[in-house]
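Below: one structure, written as structure tokens.
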Amino acid sequence: MAADVELERVSKLYGSFKAVDDVTLRIPKGSFISILGSSGAGKSTVLRMIGGFEYPDYGTVRIAGQDVTMLPPYRRDVNTVFQNYALFPHMNAAENVAYGLRQDGVAAEERKSRVREALQMVEMLPYAMRKPNELSGGQQQRIALARALVKRPAVLLLDEPLGALDRKLRQQMQVELKLLQSRLGLTFVFVTHDQEEALAMSDSIAVMRDGKIEQLGGPTELYDTPATAFVASFIGAQNFIAGDRVDDTLHMKSAEGLSFAAGQATPHLGRGARVLGAVRPENVLVAVEEPQAAANRLKATVAASVMLGDSLEYVLRLDSGGEFIARLPRRGMPAIAPGMKVFAHWEPQFFQLFPYEDLRDARSFVA
Ligand SMILES: Nc1ncnc2c1ncn2[C@@H]1O[C@H](COP(=O)(O)OP(=O)(O)OP(=O)(O)O)[C@@H](O)[C@H]1O
Ligand SMILES: [Mg+2]
């Protein structure tokens, strides 16, 4: 049976450094949540506190309504799949999966049938007798998963379990994991720094930054209505323009005095405040003639075009300095070649205003 997980005002300090800073999070039972963030954001520390490998300095951890804050891992109804799946090299796949049950003193007959069932779940029964060094990375990953599933935990914690796999295998495992999770109805808490992976797999995503959860929401919600410029830049790609909001309107002015119209602004944005306007590359159009009617346009020179398979990405160098990215479907595109003078333009509905923050590390940022 699945269980829900609850973190209430949880903090973890290393010396005076707050690795996790006042995190509150409710994970409904049977759901798939991803904890997404860059390196050092505190993702693994959150997971380790749910698993019992780390104890919080403040706050409460509950599993199925029970306070487990200070309980050791073996007294919690959870299991963890670590990034380096750490299979025992001298044991074959079946023995690896059976190991935990043997430790728990599960009788031989039951052990045998549960190992079989777990191997079947991850489609590895035919490989039961192989040693880890006779298995591919993806196969080893599945054995690690079976080893966790065989204990029938209510909650499965996964810390970047697909990190070591190549892209194709990773995408295949993403689908399989997601199917397995919904079939078994277990609660999955999945740590990743890969935003595409989080978008593809999750019911909800918690975006972490500097030990805090910056936004919690479903994939579509995070992608379409990010709460901050940071989340906007972390999930998917963005072009940013820095400037000042014009009074209480949805308009902004850049340093060069260019005006832009937005469709939405985050709440609590002061009048005349310093802002970042953001538009995603797939919402930027490119025209050779000046689009007089367009509410938002920038003059640019095509610096490069990058083939992405089903689309083309144009890197546009602005006359005002800075870069802008446009991603366009290949079909039906006018011929646009590097060196050409063009106009980038986009609709206000795709332009969102955020309180200013320094995101000059973002790929396309117009100061
Ligand atoms: N045992 C420890 N002692 C001191 N600092 C620690 C310890 N464990 C983690 N930290 C620090 O806490 C912060 C959060 O670490 P954590 O492992 O949770 O990050 P993460 O988001 O999982 O990053 P990554 O994507 O690199 O795995 C980091 O700055 C890390 O250096
Ligand atoms: Mg980590």
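Below is a table of values for the structure above.
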| read-out | value |
| --- | --- |
| Complete set of residues in segment 81-90 that are at pLDDT 90 or above and either within 16 Å of ligand 1 (Cβ to nearest atom) or out of contact with any helix residue (DSSP H, G or I) (no Cβ under 7 Å at 6 or more places or on another chain) (or both) | HIS90 |
| Residue list for segment 21-52, restricted to those being surrounded by 15 or more Cβ atoms within 10 Å (Cβ to Cβ) and within 12 Å of ligand 2 (Cβ to nearest atom) | ILE35, LEU36, GLY37, ALA41, GLY42, LYS43, SER44, THR45, VAL46, LEU47, ARG48 |
| Flag for GLU357 being in contact with a strand residue (DSSP E or B) (Cβ under 8 Å, 6 or more places away or on another chain), surrounded by fewer than 17 Cβ atoms within 10 Å (Cβ to Cβ), at pLDDT 95 or above and of a type in the set (D, E, K, R) | no |
| Count - residues of segment 238-288 that are in a strand (DSSP E or B) and either under 20 Å from LEU359 (Cα atoms) or of a type outside the set (A, V, I, L, M) (or both) | 21 |
| Test for LEU216: is it farther than 20 Å from GLY137 by Cβ, in contact (Cβ under 8 Å) with a residue 60 or more places away in the chain and more than 15 Å from the chain's Cα centre (by Cα) | no |
| From the options LEU162, LEU199, LEU157, residue that is within 30 Å of ALA237 (Cα to Cα) and assigned to a loop (DSSP other than H, G, I, E, B) | LEU162 |
| Residues of segment 2-38 satisfying the condition of being in contact with a strand residue (DSSP E or B) (Cβ under 7 Å, 6 or more places away or on another chain), under 25 Å from GLU196 (Cβ atoms) and outside any strand (DSSP E or B) | GLY30, SER31, GLY37 |
| Residues of segment 9-57 satisfying the condition of being under 18 Å from PRO72 (Cβ atoms) and more than 10 Å from ligand 1 (Cβ to nearest atom) | VAL10, ILE50, GLY51, GLY52, PHE53, TYR55, PRO56, ASP57 |
| Qualifying positions in segment 319-356 - hydrophobic (A, V, I, L, M, F, W, C) and more than 20 Å from ALA262 (Cα to Cα) | LEU328, MET333, ALA335, ILE336, ALA337, MET340, VAL342 |
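The values are calculated or read from the model by the stated rules, or taken from the named source; none is laboratory data. Remember, predicted model here, so these are calculated numbers, not experimental data. Cβ sites come from the backbone with ideal geometry, for glycine too, and all protein chains shown count toward neighbours.
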